[in-house]
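Reviewing the structure listed below.
The values are calculated or read from the model by the stated rules, or taken from the named source; none is laboratory data. Just so we're clear, the structure is a prediction, and the values are computed from it rather than from any experiment. Note that each Cβ is placed from the backbone with ideal geometry, even for glycine, and that neighbours are counted across all protein chains shown. For the accessible areas, the whole protein counts, side chains as well, though only heavy atoms, and no ligand, DNA or RNA atoms are used. Shrake-Rupley method; radii C 1.70, N 1.55, O 1.52, S 1.80 Å.
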Amino acid sequence: MTETALALIELGAILFALGMFGRVAGRFGMSPIPLYLIGGLAFGQGGFIELSAANEFGHVAGEIGVVLLLLLLGLEYTAPELMTGLRRSWAAGLVDIVANATPGVIVALILGWGPVGAVTMGGVTYISSSGIVAKVLNDLGRLGNRETPVILSILVFEDLAMAVYLPILTTILAGLSFASGAKSLAIALTAITVVLVVALRYGRYVSAIVDSSDNEVFLLKLLGAALLVAGVASALNVSAAVGAFLLGIAISGSTAHEAAKLLEPLRDLFAAIFFVAFGLTTDPQAIPPVLGWAVALAVLTTLTKIATGWWAASRQGIRPMGRARAGAALVARGEFSIVIAGLAVTMGGVDGELAALASAYVLLMAVLGPVAARVVEPVVGLVQRRFKPASVTP
């Protein structure tokens, strides 16, 4: 059998398996991300069946998946919305960073992974999954709830924080000197500032350049622009993901709406391959030694995310049930956490066990997040009824 034929067979098997995983996840009303990761672990190095011929395609497709994930995330926001969200949520955003990055930093230092591992794990445990959170809010019919703007404001702050964090992480992983690192970070911050200014003042021109009434032309220009910007960003030591995110912000109005509709199926396909590709590079035998740490992090950061959402919602005068819903909605971790861990592993700047810990942690949190969002109302209702003061009869 030729290598091409083997690669096609393996790739076909992987895609078919992804479809089955997605169907099973949909049947139980959960995110398919954990099943995609498990599929990658099962078919990668050290798994039940090692599929090596499709690895190269999986790596490239996974990179495209990251670009599309962040491009569509950027398309959801306009630059004014980002600035408004930042002004509204900066205090909650800072609390979010301290409360949720600290556990990851501490565990990395305890495990002896040093400052680089600490910075990486802090990012993994800090950021919520915008994709999972948005899907859960939509599925549960909570988009119109009073606490939802609070949730979205925190997610916006996290996305902006990632735009600064990823260039810093890339610089650290590359082992650049302080001067080179400062220069790289300055370039990244300048690029972010320029894009935001362009998006605020000239976003209609960016939209006009990529827009087209022909879907084929529109898709080619949009995808080409995203990959070009991501590539240039990567060359400047700014994360390719951040480049795609900023391009999404610069595209606005009806163009952004049509682009999102057109790219969603592609995003879902390549994002699924991305999660599988990450699993393929992770040895499942490395997970048991760090599983206890993953469970501990999952429990602790579930509590810290709930506390963050509760506090942020309370500052807006929202009642206890809404505060609890806000906190529970933020629990899920997913695509960004894997992007961070994948970047660190690819650049060889961290211990191999970090990928295993990140995989186990995201598996737990991608399942726990939607479950927490679903059960928070009955649980809080039960607690309120149990501790409600008994009425006094005259």
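Scanning segment 287-327 for residues that are closer than 19 Å to V371 by Cβ, charged (D, E, K, R) and open to solvent by 10 Å² or more (accessible area, probe 1.4 Å) gives R323, R325.
Residues in segment 331-375 that are acidic (D, E) and under 23 Å from G112 (Cβ atoms) were compared, and the one that is modelled with the highest pLDDT is E353. The set of residues in segment 5-58 that are β-branched (V, I, T), at pLDDT 75 or above and open to solvent by 40 Å² or more (accessible area, probe 1.4 Å) comprises I9, V24, I38. Kindly check whether there is at least one residue in segment 371-387 that is within 18 Å of P289 (Cα to Cα) and hydrophobic (A, V, I, L, M, F, W, C). No; the residues of segment 371-387 include none that is within 18 Å of P289 (Cα to Cα) and hydrophobic (A, V, I, L, M, F, W, C).
Annotation: of all residues in segment 106-121 being of a type outside the set (A, V, I, L, M) and crowded, with 18+ Cβ neighbours inside 10 Å, the one that is farthest from the chain's Cα centre (by Cα) is W113. When the residues of segment 171-230 are filtered to those that are open to solvent by less than 60 Å² (accessible area, probe 1.4 Å) and polar (S, T, N, Q), the one that is farthest from A241 (Cα to Cα) is S212. Here G348 meets the list (1) outside any helix (DSSP H, G or I); (2) touching a helix residue (DSSP H, G or I) at 6+ places or on another chain (Cβ under 7 Å) almost entirely, failing just condition (2). Among the residues of segment 268-286, the ones that are among the charged types (D, E, K, R) and either surrounded by 21 or more Cβ atoms within 10 Å (Cβ to Cβ) or free of Cβ contacts under 8 Å to residues at least 60 places away in the same chain (or both) come to 1 in all.
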